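Below is one structure; the comments refer to it alone.
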Amino acid sequence: MRYAALFSGGKDSSLALWKAQSLGLNVDHLVTVYPERNDSYMFHKPNLHLIPDLAKSIGIELVKVKTSGEKEKEVEDLQFELKNLDVSGLITGAVASKYQMERIEKMSEELSLDVYAPLWNMSQHNLLEELLKNGFKTIIVSVSALGLDEGWLGKQIDESCIKELEKLNDKYGINISGEGGEYETLVLEAPNYNHNFKVTEKSKKWDGKRGELVVKKLEKGS
């Protein structure tokens, strides 16, 4: 079987892709959705301009899907592009969002695609620990929850970070893996990258409640 993997450059899609490859699944395409809106209902938004660099390091062809980002229409736009790919399955990094998973399953059923969702219903803590155990270097590139201030932008997810997130979970009830939209991420190092990355140019946007780390330039690391 040939698979396409939904890919945003964030931790969940990156981990799901690597798990699929580790099982020997034949992944022919990375599919990235580029919403025009800042508040897409389904898809990751920050730093999508970096995806071609990440895809090149992974060594899998990138398919770009442009969409207005309107609710439901963005799923239709993705379905239209998937219909034109010679694949039999779809890989998703969905973890806990029923909204997301229901739409992926419905779309895949209509296209006769199998769905591989290795992170579905994984515990928040186990997901983050699995990233660390397998050599993923992940930084936080957007925040929008109580307790996550400007200082979190650019923070690397490590054991210390996980402990801080767990304290915020106790205090505010946030999802420590960001599944409630609390934060989004960018993977700079992964076991399936041919080379890693380092951030060499960046800027921050902060409105007092939420913010984004805009990565202007990546360079090859080791």
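The values are calculated or read from the model by the stated rules, or taken from the named source; none is laboratory data. Bear in mind that the values here come from a model prediction, so they are computed numbers and not experimental data. Here the Cβ positions follow ideal geometry from the backbone for every residue, glycine too, while neighbour counts run over all protein chains shown.
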By residue number, the members of the stretch 178-222 that are among the β-branched types (Val, Ile, Thr) and in contact (Cβ under 8 Å) with a residue 60 or more places away in the chain are Thr185, Val187, Val199, Val214, Val215
Got at least one residue in the stretch 68-75 being hydroxyl-bearing (Ser, Thr, Tyr), more than 18 Å from the chain's Cα centre (by Cα) and surrounded by fewer than 19 Cβ atoms within 10 Å (Cβ to Cβ)?
yes
Do we find that Leu30 is touching a Phe, Trp or Tyr at 6+ places or on another chain (Cβ under 9 Å), touching a residue at least 24 places away in the same chain (Cβ under 8 Å) and in a helix (DSSP H, G or I) in this structure?
no
Does Ile174 meet the test of being in contact with a Leu (Cβ under 8 Å, 6 or more places away or on another chain), more than 26 Å from Lys217 (Cα to Cα), modelled with pLDDT under 95 and outside the structural domain of Leu6 (by TED's automatic domain parsing)?
yes
Quick one: is Tyr34 out of contact with any Ser or Thr (no Cβ under 9 Å at 6 or more places or on another chain) and either under 28 Å from Gly211 (Cβ atoms) or among the polar types (S, T, N, Q) (or both)?
no
Run Gly147 past the list (1) in contact with an Asp or Glu (Cβ under 6 Å, 6 or more places away or on another chain); (2) surrounded by 15 or more Cβ atoms within 10 Å (Cβ to Cβ); (3) not aromatic (Phe, Trp, Tyr) and report the number of the one that doesn't hold.
(1)
Would you say Lys66 is among the basic types (Lys, Arg) and outside any helix (DSSP H, G or I)?
yes
Number of the condition not met by Lys71 [criteria: (1) part of a helix (DSSP H, G or I); (2) farther than 17 Å from Gly180 by Cβ]
(1)
